[in-house]
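Report on the structure given below.
The values are calculated or read from the model by the stated rules, or taken from the named source; none is laboratory data. Model, not experiment: these values are computed from the prediction. FYI the Cβ positions are ideal-geometry reconstructions off the backbone, even for glycines, and counts take in every protein chain you see. Surface areas here come from the heavy atoms of the whole protein model, side chains and all, with no ligands, DNA or RNA. Shrake-Rupley method; radii C 1.70, N 1.55, O 1.52, S 1.80 Å.
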Amino acid sequence: MISAYRTLWTVAVRHDFRGGACDDLAFIVPAATRDALAGMRALVRERDGVLHVLIGVDSDGEPLGECTGRRLLFGLAPRDACFTQYTAPFALAAGETPLFANAASPDALDAAPRGVELCGPQPQITPRLAARPLDLHIATPAGTPLTSAQLRATDASWTFRGASEPGEIVVSEAAAGGLNAPRHLLIEPTLAATPVWGLLSLTASADHVATGCAFTLNFSARSDRLRYYVVVKPASDADFDSIQVLDKGAASDARTPVAFTRQLPPFAADRLAPALLDAGGTRKIVLFEATTPIARRARGPHGFELHRNGEVLIGNLPQPGAERSDAQFIVHLSKP
């Protein structure tokens, strides 16, 4: 009989874009994890963006279920559709989902997620190597062989049907002329059908069961190089040459000042074309580009000012928030 619940884990989310703790991610509990929770006599709750995993204990404080060594998998679903716009990307291959885990140390999440390919119960494996014939070898993460197959010249893919329950498999490709790096596939029907942005895998230690453990998912903000294109019909060359973008907010923001370079057309190929900025060709254009990338923030940085002839024309130039795909802005000065 359950007398009380105590904390096994808490998982908080922290994002540099928000400036600290936030509720940017929802935690999705797949069917297999719900079954495991039932066996552990445990339950999950979300409160203020924090995941709580609680285990039932008896009147002596002893856990009622088998918890030590249990591994639970959760999906991570952004609450904000722009989450990937302001989050620094991880070094993963195309098609891979970030998997956060406490593999290296039971009491902390690994420094960076590893990539897995999230798939349903009978994944169709399309090899990365084009050579044929091609040998596919399927094994467990521990290296135990499961099955193998050979693709002929007419075979574009192969379907793995050997999974009776959710779990991870490792796919290796071998052909005359080379080997490909092993791919890790995570078979999880519920999460593959959702879909989710990321995955969280936690394994319970004896210390977690006795005293609990607090984890934090830490995210860095995406960095961009700010570019301000100023389009103007100046009164004179001296008037045009006086236009500046200056960082006047570094001290109040407690950050390193940002310098801007002044560039005139023609611009480099990855900049906006002057014809797009002034189709009629009647105005002058100058580009001010930050010398270093700047991390995105929900609020700030502040104090990037547009000056002309010593006068402040714009006190706070626009910044890329959550919704922008780049950090390029066009500023039109309508009056000389």
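Could the peptides 3-10, 224-231, 277-284 be put in order, highest first, of the mean number of other beta-carbon atoms found within 10 Å of their residues?
224-231, 3-10, 277-284
Of the listed values (i) 60, 43, 36; (ii) 82, 63, 28; (iii) 67, 43, 35, identify the label whose number matches Cα extents along the principal axes in Å calculated from this model.
(ii)
About the Cα centre, and with charges only on the beta carbon of Lys, Arg (+1) and Asp, Glu (-1), how big is the dipole of the chain? Nearest 20 debye, please.
Working: 32 positive and 35 negative charges, 168 e Å.
Using only the charged Cβ atoms, the result is roughly 800 debye.
Run the simple label-point estimate for residue 79 and residue 216 please: 7 Å along Cα→C-beta, distance reported in nm.
Placing both labels 7 Å beyond Cα along the Cβ direction yields 1.8 nm.
In nm, what is the difference between 0.36 nm times the number of residues separating residue 92 and residue 184 and their Cα-Cα distance?
Net length gain for the segment: 31.9 nm.
Please compute the net charge surrounding residue 310, taking Lys and Arg as +1 and Asp and Glu as -1 over other residues with Cβ under 14 Å from its Cβ.
Once all neighbours under 14 Å are counted, the net charge is -2.
May I ask for the distance between the Cα centers of region 46-66 and region 147-212, given as a whole number of Å?
One Cα centre to the other: 30 Å.
Need one number: nm distance between label points at residue 149 and residue 23, each 7 Å from Cα along Cα→Cβ, rounded to one decimal.
According to this spin-label approximation, the distance is 4.4 nm.
With every protein chain in place, what's the accessible area of residue 48 (1.4 Å probe, Å², nearest 10)?
Here the accessible area works out near 140 Å².
Lys and Arg at +1, Asp and Glu at -1: add these up for the other residues within a Cβ distance under 15 Å of residue 85 and post the number. It would help to have the intermediate numbers written out before the result.
Details: positive: 18, 79, 222, 296, 297, 324; negative: 16, 24, 80, 224, 323, 326.
Counting the neighbours of residue 85, the net charge comes to 0.
Quick check on packing: order 187-198, 121-132 by the mean number of other C-beta atoms within 10 Å, highest mean leading.
Ranking, from highest mean packing down: 187-198, 121-132.
Picking from 151, 63, 118, whose Cα lies most toward the positive end of the charge dipole for region 21-179 (charges on Cβ: Lys, Arg +1; Asp, Glu -1)?
Positive-most Cα among the choices belongs to 151.
What number comes out for the charge environment of residue 261, summing +1 per Lys or Arg and -1 per Asp or Glu over other residues with Cβ under 14 Å away?
+2
Under 14 Å from a label point 7 Å along Cα→Cβ of residue 295: give me every residue in region 80-103 with its amide N that close.
86-89
Quick one: among 18, 308, 114, which has the greatest mean-square fluctuation in a GNM of the chain with alpha-carbon springs under 10 angstrom?
308
Please give the Cα centre distance for region 293-325 versus region 221-279, rounded to the nearest Å.
That distance is 11 Å.
Farthest toward the dipole's positive end in region 226-327, which of 301, 238, 287, given Cβ charges of +1 (Lys, Arg) and -1 (Asp, Glu) about the Cα centre?
Selected residue: 301.
Please give the FRET efficiency for residue 172 paired with residue 283, using the beta carbon to beta carbon distance and R0 = 51 Å, rounded to the nearest 0.05.
So the FRET efficiency works out to roughly 0.30.
Mind checking which of 37, 160, 263 is farthest towards the positive end of the chain's charge dipole, using Cβ charges of +1 (Lys, Arg) and -1 (Asp, Glu) about the Cα centre?
263
Taking 56 Å as R0, compute the FRET efficiency from the Cβ-Cβ separation of residue 262 and residue 131 and round it to 0.05.
0.60
Please turn the phi angles of region 107-116 into ³J(HN,Hα) values with the Karplus equation 6.51 cos²θ - 1.76 cosθ + 1.60 (θ = phi - 60°), one per residue in order, whole Hz, x for glycine and proline.
After applying 6.51 cos²θ - 1.76 cosθ + 1.60, I find 9, 8, 6, 4, 4, 9, x, 9, x, 10 Hz.
Between helix 31-40 and the chain, what is the angle of the helix's C-alpha long axis to the longest principal axis, kept within 0 to 90° and rounded to the nearest 10?
With rounding to tens, the tilt is 60 degrees.
Take the chain, mark every one of the GluC sites (Glu not before Pro) that falls in a DSSP loop and has at most 15 other Cβ within 10 Å, then report the longest stretch left between them, sites excluded.
It runs 67-322.
To the nearest 10 square angstrom, how much accessible area does residue 146 have with a 1.4 angstrom probe?
Roll a 1.4 Å probe over it and residue 146 shows about 90 Å².
Which value, in debye to the nearest 20, describes the size of the charge dipole of region 168-290 about its Cα centre when Lys and Arg Cβ atoms bear +1, Asp and Glu Cβ atoms bear -1, and nothing else is charged?
420 debye
Calculate the FRET efficiency for residue 43 and residue 223 from the Cβ-Cβ distance with a Förster distance of 51 Å, rounded to the nearest 0.05.
The formula returns an efficiency of 0.80 here.
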